[in-house]
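Structure, as structure tokens:
The values are calculated or read from the model by the stated rules, or taken from the named source; none is laboratory data. Note that this is a predicted model, so its numbers are computed, not measured. Here Cβ is always computed from backbone atoms with ideal geometry, including for glycine, and neighbour counts include all displayed protein chains. For accessibility, only protein heavy atoms count, side chains too; no ligands or nucleic acids. Shrake-Rupley method; radii C 1.70, N 1.55, O 1.52, S 1.80 Å.
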Amino acid sequence: DTGVSQDPRHKITKRGQNVTFRCDPISEHNRLYWYRQTLGQGPEFLTYFQNEAQLEKSRLLSDRFSAERPKGSFSTLEIQRTEQGDSAMYLCASSLGTSGRSLNEQFFGPGTRLTVL
Amino acid sequence: AQSVAQPEDQVNVAEGNPLTVKCTYSVSGNPYLFWYVQYPNRGLQFLLKYITGDNLVKGSYGFEAEFNKSQTSFHLKKPSALVSDSALYFCAASYGSSNTGKLIFGQGTTLQVKP
């Protein structure tokens, strides 16, 4: 399977614990995005990487959240001191960057469902 | 504020009938518009996009969408619905001169196609 993969698919943790999620994008894609989706809502943008550079972060991304893409390939999203409000589906997507008046579509992974007890 | 709205939580159609799933947007500048579909326990799948050019865009599985700049809409359509089209559909927009590609999603519309 050459699509976007995410690990783990499910994570249950207790409030106050740290969690880390991994995303492996499609290999030739230089752009990588993280989104959060809660029940009954559309995904909300969290952060964006072009290669290894984190170029944009949403105000939704509090200082408890950190994301990395150290070699411009896989990415990790860490949540420190989890809260019950962090319970959501965390989605990763990748795309091939373009220039000019064009935009390639994003390919989404299956998501990591986080439950904070 | 930038936003995408899908005014219907659910759309019900009979198999074989035409379907429309509505989407309106409010973004600055020229928008890039997308439709994605989400099946249970599966990731979002790309259906089609509007970047520029012809207002009628054709996509996967027989779906199409019409960009209407004056009404700021991008409705998804299909001439003849299939039961297998039943899923959750999301409209999304990207915007801005920096072309980062970050997407703003609508809240989703559940399409139910009955035999």
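Below is a table of values for the structure above.
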item: More than 18 angstrom apart: percent of Cα pairs within chain A; result: 47
item: Geometric extent, Cα atoms of the stretch A:3-46 - Rg, Dmax (angstrom); result: 12.7, 37
item: Threshold 50 Å² - residues in the stretch A:18-62 whose accessible area is reduced by that much or more when the chain is no longer isolated, probe 1.4 Å; result: A:Pro43, A:Glu56
item: Filter on B:Lys78/B:Lys102; A:Lys71/B:Lys102; A:Lys11/A:Lys71; A:Lys11/B:Lys58; A:Lys11/B:Lys78 - keep pairs with C-alpha separation over 29 Å; result: A:Lys11/B:Lys58; A:Lys11/B:Lys78
item: Straight-distance crosslink candidates among aspartates and glutamates, where the alpha carbon sits under 19 Å from A:Lys57 and sequence neighbours closer than 8 are dropped; result: A:Glu44, A:Glu68, A:Glu78, A:Asp86
item: Per-selection metrics, the stretch B:1-61 (Cα): Rg and Dmax in Å; result: 13.5, 39
item: Cα-based convex hull, chain B, per residue volume (Å³, whole number); result: 101
item: Choice from A:Ser102, A:Ser62, A:Ser94 showing the highest fluctuation, given a GNM over chain A with Cα pairs closer than 10 Å; result: A:Ser102
item: Sparse-neighbourhood loop sites, trypsin sites (Lys or Arg not before Pro) in the stretch B:20-82 - DSSP loop, at most 13 other Cβ within 10 angstrom; result: B:Arg42, B:Lys69
item: Sparse-neighbour loop sites [trypsin sites (Lys or Arg not before Pro); the stretch A:1-40; at most 10 other C-beta within 10 Å; DSSP]; result: A:Lys14
item: Shape parameters for the protein assembly as shown, alpha-carbon atoms, Rg then Dmax in Å; result: 17.7, 52
item: Excluding exposed DSSP-loop GluC sites (Glu not before Pro) (at most 15 other C-beta within 10 Å), longest clean stretch of chain A; result: A:84-117
